[in-house]
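Report on the structure given below.
Please treat every number below as a calculation from the coordinates, not as lab data. All values reported here derive from a predicted model rather than from experimental measurement. FYI the Cβ positions are ideal-geometry reconstructions off the backbone, even for glycines, and counts take in every protein chain you see.
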Amino acid sequence: MKKRKNHIFLSLIITSVCIITVAITFFIRKENNIDLPHITYISENNNNVPEQQWYLILVNEKNSIPKNYSFELTELSNGRSIDSRIYPELQAMFDNMRSSGIYPIVGEGFRTADEQKQMMSDKIDAYIDMGYSRRESKELAEQAVAAVGNSEHQLGLAVDINADESCSTNEEVYEWLAQNAYKYGFILRYPADKTDITGIEYEPWHYRYVGKEAAAEIFSRCICLEEYLMN
């Protein structure tokens, strides 16, 4: 009986220590403002993507972020964050742009589910203010903003790249990216002539990391990610 009581007492101590450890970890993260990804979405069409090919995950209107998809974030100097795995190539690309006299910035990187939801709400309200009905506003907003769980920005693999307008113009940045981004594994995700496939209007600033091999083929064949993955 005494041994059993000792065993129960020891179990209680271990359980208490675990609870305290979890609590301390939570408050440390909270105190340091560590932005943990909201990854809670299921995708039926991404199950065939090998784990080592995380950079080819398809996220669009019909393909949600895979369940349990996880990654680490790297915070950039301007406070934006991206998947840590794409940071070296993004940095190399920016360094070469600057050496060519073009100065880019990351206007948007990783976005939480709450931020994505707010973007959609703001876009709908903007169209309503322009005189559209709520139904029309929602339809128009969905052409420009992805639904929660269907945005590449929630993957951390997409970046909106604009110009540091004190040194360059957006047109200079977009032109350079259109011709060179593939060399670093990035593609123009929403081309003007592929809106019927991507479901998103032309965005010359939105680039997605897919790896150098895929990017080179997508660029040379003038196709979009959906077409590349269908082959």
Rg/Rh ratio calculated on Cα atoms of segment 41-199 (Kirkwood radius) = 0.98
task = Please work out the C-alpha center-to-center distance from segment 172-200 to segment 59-96 and express it in whole Å.
result = 17
ask   = Out of residues 5 or more away from Glu108 or on other chains, whose amide H comes under 5 Å of its own, with H placed 1.01 Å from N in the peptide plane?
value = Asp160
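Just the number: Rg to Rh for segment 63-155, Cα atoms, Kirkwood Rh, two decimals. Show your work: numbers first, answer last.
Values: Rg = 16.5 Å, Rh = 15.3 Å.
So for segment 63-155, dividing Rg by the Kirkwood Rh gives 1.08.
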query = What's log10 of I(q)/I(0) for segment 119-214 at q = 0.12, 0.17, 0.24, 0.25 Å⁻¹, Debye sum over Cα points only, no solvent?
reply = -0.47, -0.86, -1.23, -1.26
task = List, in order, the whole-Hz ³J(HN,Hα) value for each residue of segment 208-215 obtained from phi through the Karplus relation with A = 6.51, B = -1.76, C = 1.60 and θ = phi - 60°; use x for Gly and Pro.
result = 10, 7, 10, x, 5, 5, 5, 4
remark   = The extension gain from Ser100 to Asp196, computed as 0.36 nm times the residue separation minus the Cα-Cα distance, is 31.1 nm
ask   = Full extension from Arg221 to Ser133: what is 0.36 nm times the residue separation minus their Cα-Cα distance, to one decimal in nm?
value = 27.7 nm
query = Taking R0 as 22 Å, what's the FRET efficiency between Asn170 and Glu115 from their Cβ-Cβ distance, rounded to 0.05?
reply = 0.45
Charge tally in the Cβ shell below 15 Å around Ile223, where Lys, Arg are +1 and Asp, Glu are -1, Ile223 excluded = -2
